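Heads up, the thing below is written out as C-alpha cells.
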Amino acid sequence: MDHDPKERLLLPPRAAAAAAANGPHRRATPAAGGGGGGVAIDVHGLKRRGGGRRSWVRVDAATGASEAVEVAKPALMRRLDLPARDLRLLDPLFVYPSAILGRERAVVCNLERIRCIITADEALILRDPDVAGGGAETEEAVRRYVAELQRRLVDRADDLPFEFIALEVALEAACSFLDAQAVELEADAYPLLDELTTKISTLNLERVRRLKSKLVALTRRVQKVRDEIEQLMDDDGDMAEMYLTEKKRRMEASLLEEQAFQGMGNSGFGSSFSAPVSPVSSPPASRRLEKELSFARSRHDSFKSADSSQYSIEELEMLLEAYFVVIDYTLSKLTSLKEYIDDTEDFINIQLDNVRNQLIQFELLLTTATFVVAIFGVVSGVFGMNFEVDLFNVPHAFEWTLVITGVCGLVIFCCFIWYFKKRRFFPL
C-alpha cells in the first residue's frame, strides 16, 4: 500500500518500517474532543538519536493531535526548503540568541526554551533534552507549549491561521518565562540592596555582584526578544512572508488554474481537428515539460513578489504589538532594577567617601596634636641640658614653665583648628 511521504518522514524509524510493511500506522495521541485538550506524549518507543536525528513533538494543525517523532536535519531541509543555517539556530549543542525567521514554507522560532518549526499544516517542537540547558525544565516547557497550542486549536474563537496561533503561544511562553524570571530577580534584589545600604560587608557586596551579573544576562535576553519583535514589525515584507496558510491556499489555487487551463487546451482543441501533425514541428516531451515547469516557476515568482502588497498584515502586526508591549514592560522593570542598583552603588560610594573624609580629618587633627606635644619635647630638651641657669633657683619655676608651655601649645592648636575651618578643611 502506498503511503504519504510526509507520513513516512515524520514517523519514528520502527513505526515507519512497520507502516511500510503493514500499512499506515501513526503513533498519534489526539486530544479529547477531536482537537486535543491534554497532552500524552509517548516517548518510550523512541530510539536514541543517531546520525543527526533529533526528537520532536509534532502537532497537527487540523486535529491538534500530538506525536513524538524523530526527524533528521537533511529530511527537514528537503521537505521544508530550509537552509542549514536556519536549522542551526535550533541546534541544542549551540547557544543562539532568540530569533524569529519567516521563510517561504515555514517559520523558524528560537524563543528561550521553545525551539520550533511552524508550517501551515503542523508545528514541530524540538524536545531534545539538551535544549537550552536541558533537563526536566525544558521537557516541562515543551509539554506546556503543546498543551496550550492544543487548547487554542480546540477553542479557536477567531480566524487566525495556524501559524499565527503557534507563534502566539511561543511568544506568550517566552514572555511569561522572562517576566517570571524578572519578578524573581526583583524579589531577591530589593531586600538585598536595602540591607547593603545599612550594612556594607564583603558578603553583601559579593551577593550584589552576582545579582548584577544575573541582571545583565537576563536584560540581554529580554532585549533580544524585544528587538526581534520590533524588527518584524518594522518590515512589512517579513510579516507578509509569515502568512503560510494564505500562501499555500493561493499556490494551490494557482496550480488548479494552470491544470484547468492545460486540460482545457488539450481536450478542447486536440479533439476538434484530426489533421496530421508533422513530426518535425511537434516538440519532444522533455521540451514540453521544461516549458510547463518554467511557466509554473514564473507564476510562483510573480506570486511571491506580490505577497507584501496582497496580504493584509494588520492581524499579525496587532499580535506582535501585544507581545511587544509585554516584553517592553519586562525590559522596563529590569531597567528600573538596574537604575536602583546604580543608585545604591552611588549611595555606598558617597558613604565610603564620607568615611574616608572623616579619616582624613582625624589624621589632620592627630598630626596637629602631635605638633603641639612636640613643643613640650623641645622645652624639656632645653632644660635638660647640662649648664647652670638662674631660673633653676627660682621657687615654683618648674610649675610656671609647665603652665606657660601648656597654654602656648593650646593656643597654637586652636589657631590650627581655626585655620583649617577657615580653609574648609573641616566642612562638617
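The values are calculated or read from the model by the stated rules, or taken from the named source; none is laboratory data. Because the structure is a prediction, the values reported are computed rather than measured. Glycine gets a Cβ as well: all are built from the backbone with ideal geometry, and neighbour counts include every protein chain shown. Just the protein is used for accessible areas: all its heavy atoms, side chains included, with ligands, DNA and RNA removed. Shrake-Rupley method; radii C 1.70, N 1.55, O 1.52, S 1.80 Å.
The distance linking the stretch 225-252 with the stretch 383-419 is 96 Å (Cα centroid to Cα centroid, whole angstrom). Per-residue Karplus couplings for the stretch 378-394, computed as 6.51 cos²θ - 1.76 cosθ + 1.60 with θ equal to phi - 60°, are listed in order as 5, 5, 5, x, 5, 6, x, 6, 8, 8, 7, 10, 5, 5, 5, 8, 7 Hz, Gly and Pro entered as x.
Accessible surface calculations at 1.4 Å, restricted to protein heavy atoms, place the stretch 354-423 at 81 Å² per residue.
How would the stretch 52-241 be classified by its alpha-carbon gyration tensor: rounded, prolate or oblate, with rounded meaning a/c under 1.5 and the a/b versus b/c comparison settling the rest? In terms of gyration-tensor shape, prolate. Students often get this wrong: which residues of the stretch 217-261 have the backbone nitrogen under 19 Å from the point 7 angstrom along Cα-to-C-beta of E321? Under 19 Å, as judged by backbone N against the label point of E321, lie 226-243 of the stretch 217-261. How would you classify the stretch 75-163 from its alpha-carbon gyration tensor, with a ≥ b ≥ c the square roots of the eigenvalues: rounded for a/c under 1.5, else prolate if a/b is greater than b/c, otherwise oblate? Because a/c hits 1.5 or more and a/b fails to exceed b/c, the stretch 75-163 counts as oblate. Placing pseudo-labels 7 Å out from each Cα toward the beta carbon at D81 and L192 gives an inter-label distance of 5.0 nm. By accessible area, using a 1.4 Å probe on protein heavy atoms only, the stretch 354-423 has 73% of its surface on carbon and sulfur. Per residue, the accessible area of the stretch 155-232 comes to 51 Å² when a 1.4 Å probe rolls over the protein heavy atoms.
Rg over Rh for the stretch 354-423 works out to 1.16, using Cα positions for both radii and the Kirkwood form for Rh. Surface composition of the stretch 49-189: carbon plus sulfur atoms hold 50% of the accessible area, using a 1.4 angstrom probe and ignoring ligands, DNA and RNA.
Magnitude of the charge dipole for the stretch 354-423, about its Cα centre and with charges confined to Cβ atoms of Lys, Arg (+1) and Asp, Glu (-1), is about 620 debye.
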